[in-house]
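The values are calculated or read from the model by the stated rules, or taken from the named source; none is laboratory data. None of these values were measured; they are calculated from a predicted model. All Cβ positions, even for glycine, are placed from backbone atoms using ideal geometry, and neighbour counts span all protein chains on display. Just so you know, the surface numbers come from the protein's heavy atoms only, side chains and all, with ligands and any DNA or RNA stripped out. Shrake-Rupley method; radii C 1.70, N 1.55, O 1.52, S 1.80 Å.
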Amino acid sequence: MSAPERQASFWCEQGWVNGVVAAGVRLETDAAGTVTRTETGVPAREGDCRLPGVTFPAASNAHSHAFHRILRGRTHAGGPGSFWTWREQMYDAAGALTPELYEQLATAVFAEMVVTGWTSVAEFHYVHHRPDGSAYAPEHAMERALARAAVAAGIRLTLLDTCYLAGGFNAPLRGEQLRFGDRDGAAWLQRLASLRAAFAGEFDPAQVSVGAALHSVRAVPEDELALISRELPADLPLHIHLSEQPAENEACLEASGLTSARLLAKHGLATRRLSAVHATHLSGEDITVLGDAGATVVLCPTTEADLADGIDPAAQLRDAGARIALGTDQHAVVDPWLEMRALEHGERLRSGKRGSFSPAELLAAASGAGAAAQGRRAPGLAPGNSCDLMAVDPNTIRTAGSRPGQLALAATASDVHTVVIGGRVVARNGRHALLGDPAALLLAAVAVMDAANLQHTTATEDQ
Ligand SMILES: [Zn+2]
């Protein structure tokens, strides 16, 4: 099967252009799939690809761990738990991954993202090596598996190769963490450079690019932070999990005498290129550090609710100068509309006020901000945007009667009827143009993973 053909022009019955809904929006695209011309209030012309309903910029997923998808709907029994008990279940899932299994699973997960309206993803990737920590031969087998999955699903992938050196402050990697690690910061930087060189020759950068991540301040010792700050190429996006749990804040303070945001700032890492993921338990001073830096804060509200992390100080971060982006993280939910709504709902529950984030701000967080966090061109309907679009049916049982400009508070992924990436129609009515129904792919991938996990668990217990 070949990729869908690029459309030279689209006509949207209604479209979100420059922060408002306009009727009769006509777009032209170039060979790279970028919007070159936009008209509003015009009729369709012959040859235009017609998009009924309301067309929005597609969503950009700023935080994902694809393999966490197998935990969906499986972590809620067995009484009260916490982020830390959930993490043990996640480690079990990571233990059984092989490049072949990961390619199959990630293809299904990326296909799910595409049909629900996400057209790019920042994959925060740390399952680099074999379970015993030794390298795959040939090199970068896991990373290639993810890249091939992205190509199959048509999603734009920013592979954030993650530095993960310690199991905690002054604690070595143990057990399932061994496969996440590198010898030290210098070895990680070397592997990252090798990965960039390999991918540059193998993949179109508009489809697959490489970024960098530090797993967290607890996973990268302070002297390595200093080295990485000096040596990391300036053109790479840099992401980090920050202040997701109070326990890691306390441990950071004890080990370094600083809050985690302050620790990053001390080493010159709190800059505009930084994306701080979660940022849930920040001090007022931390908020100022991230705001002054103009950093992006990647919030994952449905994950943070699922993991009992807490409610982000989202409006405070925005008011301090930080840019807000959204991610689906562990994929208990893969739905840009629910993520937008959960951001505003969290703020309402925390503050007792409605409307801290306008629908336009929610849409910007879900689209342009997530693309910027990946170093990518913003998706949208204006000239210069990537022609990455999601068209919504405004007449379903969820959306009927809603004002088009307020759909961020009413629609769900089930209302997305068409998804366009780079001017190509890649999904219609929940089906992927090349891969079909993502539910079937997910079922097959989860079944194979379950069998592998069973084998892995039995083998581990026999040792
Ligand atoms: Zn994460």
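List the strands (runs of 3 or more DSSP E) inside the stretch 17-69, counting only whole elements, that have at least 1 residues being more than 16 Å from the ligand (Cβ to nearest atom), within 30 Å of V446 (Cα to Cα) and not aromatic (F, W, Y).
Output list reads 59-64.
Look through G291, G327 and report the one residue that is within 14 Å of the ligand (Cβ to nearest atom) and either within 17 Å of E112 (Cα to Cα) or open to solvent by less than 10 Å² (accessible area, probe 1.4 Å) (or both).
G327
Could you check the stretch 248-258 and list, in sequence order, the residues that are open to solvent by 40 Å² or more (accessible area, probe 1.4 Å) and either in a helix (DSSP H, G or I) or within 16 Å of the ligand (Cβ to nearest atom) (or both)?
Residues satisfying the conditions are E250, L253, E254, A255.
Looking at A445 and the list (1) open to solvent by 50 Å² or more (accessible area, probe 1.4 Å); (2) under 15 Å from F110 (Cβ atoms); (3) not polar (S, T, N, Q), which single condition is not satisfied?
(1)
Would you mind finding the one in S275, S256, S260, S283 that is in the same structural domain as L326 (by TED's automatic domain parsing), touching a His at 6+ places or on another chain (Cβ under 6 Å) and not β-branched (V, I, T)?
None of the others qualify; the one that does is S275.
All but one of (1) of a type in the set (A, V, I, L, M, F, W, C); (2) open to solvent by less than 10 Å² (accessible area, probe 1.4 Å); (3) more than 19 Å from S60 (Cα to Cα) hold for L299; which doesn't?
(3)
May I ask you to say which residue of A200, A261 is open to solvent by less than 10 Å² (accessible area, probe 1.4 Å), over 14 Å from L160 (Cβ atoms), modelled with pLDDT of 95 or more and of a type in the set (G, A, S)?
A261
Just to verify a result, which residue in the stretch 267-279, among those that are more than 16 Å from the ligand (Cβ to nearest atom) and more than 10 Å from V289 (Cβ to Cβ), is most open to solvent (accessible area, probe 1.4 Å)?
Here the residue is R272.
Does A62 satisfy being open to solvent by less than 30 Å² (accessible area, probe 1.4 Å) and either farther than 28 Å from A373 by Cα or in contact (Cβ under 8 Å) with a residue 12 or more places away in the chain (or both)?
Here the answer is yes, as A62 does meet what is asked.
What single numbered condition from (1) closer than 21 Å to A373 by Cα; (2) crowded, with 18+ Cβ neighbours inside 10 Å; (3) at pLDDT 95 or above; (4) of a type in the set (G, A, S) fails to hold for A219?
(1)
So A314 passes all but one of these: (1) aliphatic (A, V, I, L, M); (2) within 16 Å of the ligand (Cβ to nearest atom); (3) touching a residue at least 40 places away in the same chain (Cβ under 8 Å). Which condition number does it fail?
A314 satisfies every listed condition except (2).
What's the number of the only condition in (1) assigned to a loop (DSSP other than H, G, I, E, B); (2) open to solvent by 40 Å² or more (accessible area, probe 1.4 Å); (3) closer than 30 Å to G422 by Cβ that A135 fails to meet?
Here A135 clears every test but (3).
With respect to E344, determine if the residue is open to solvent by less than 20 Å² (accessible area, probe 1.4 Å), touching a helix residue (DSSP H, G or I) at 6+ places or on another chain (Cβ under 8 Å) and within 16 Å of the ligand (Cβ to nearest atom).
Considered against the rule, which asks whether it is open to solvent by less than 20 Å² (accessible area, probe 1.4 Å), touching a helix residue (DSSP H, G or I) at 6+ places or on another chain (Cβ under 8 Å) and within 16 Å of the ligand (Cβ to nearest atom), E344 comes out as no.
For the stretch 365-418, which positions are hydroxyl-bearing (S, T, Y) and over 21 Å from the mean Cα position of the chain (by Cα)?
T396, T399, S402
Read through the list (1) touching a Lys or Arg at 6+ places or on another chain (Cβ under 7 Å); (2) assigned to a helix (DSSP H, G or I); (3) closer than 19 Å to L160 by Cα, then give the number of the only condition that G370 fails.
(1)
I'd like to know if the stretch 325-346 contains one or more residues that are more than 19 Å from the chain's Cα centre (by Cα), free of Cβ contacts under 8 Å to residues at least 40 places away in the same chain and more than 23 Å from T40 (Cα to Cα).
no
Which one of these does A93 not meet: (1) surrounded by fewer than 16 Cβ atoms within 10 Å (Cβ to Cβ); (2) within 16 Å of the ligand (Cβ to nearest atom)?
Evaluating A93 over (1) surrounded by fewer than 16 Cβ atoms within 10 Å (Cβ to Cβ); (2) within 16 Å of the ligand (Cβ to nearest atom) leaves (1) as the failure.
Do we find that L307 is more than 19 Å from P57 (Cβ to Cβ), modelled with pLDDT under 95 and buried (at least 22 other Cβ atoms within 10 Å of the Cβ) in this structure?
yes
Could you tell me whether the stretch 225-247 includes any residue that is away from the ligand (no atom under 15 Å from the Cβ), open to solvent by 20 Å² or more (accessible area, probe 1.4 Å), over 20 Å from the mean Cα position of the chain (by Cα) and over 27 Å from A171 (Cα atoms)?
yes
Mind telling me which of the residues V425, V420 ends up being crowded, with 22+ Cβ neighbours inside 10 Å, of a type in the set (A, V, I, L, M) and farther than 24 Å from Y91 by Cα?
V420
Of the residues that sit in the stretch 100-126 and are charged (D, E, K, R) and assigned to a helix (DSSP H, G or I), which one is surrounded by the fewest Cβ atoms within 10 Å (Cβ to Cβ)?
The selected residue is E100.
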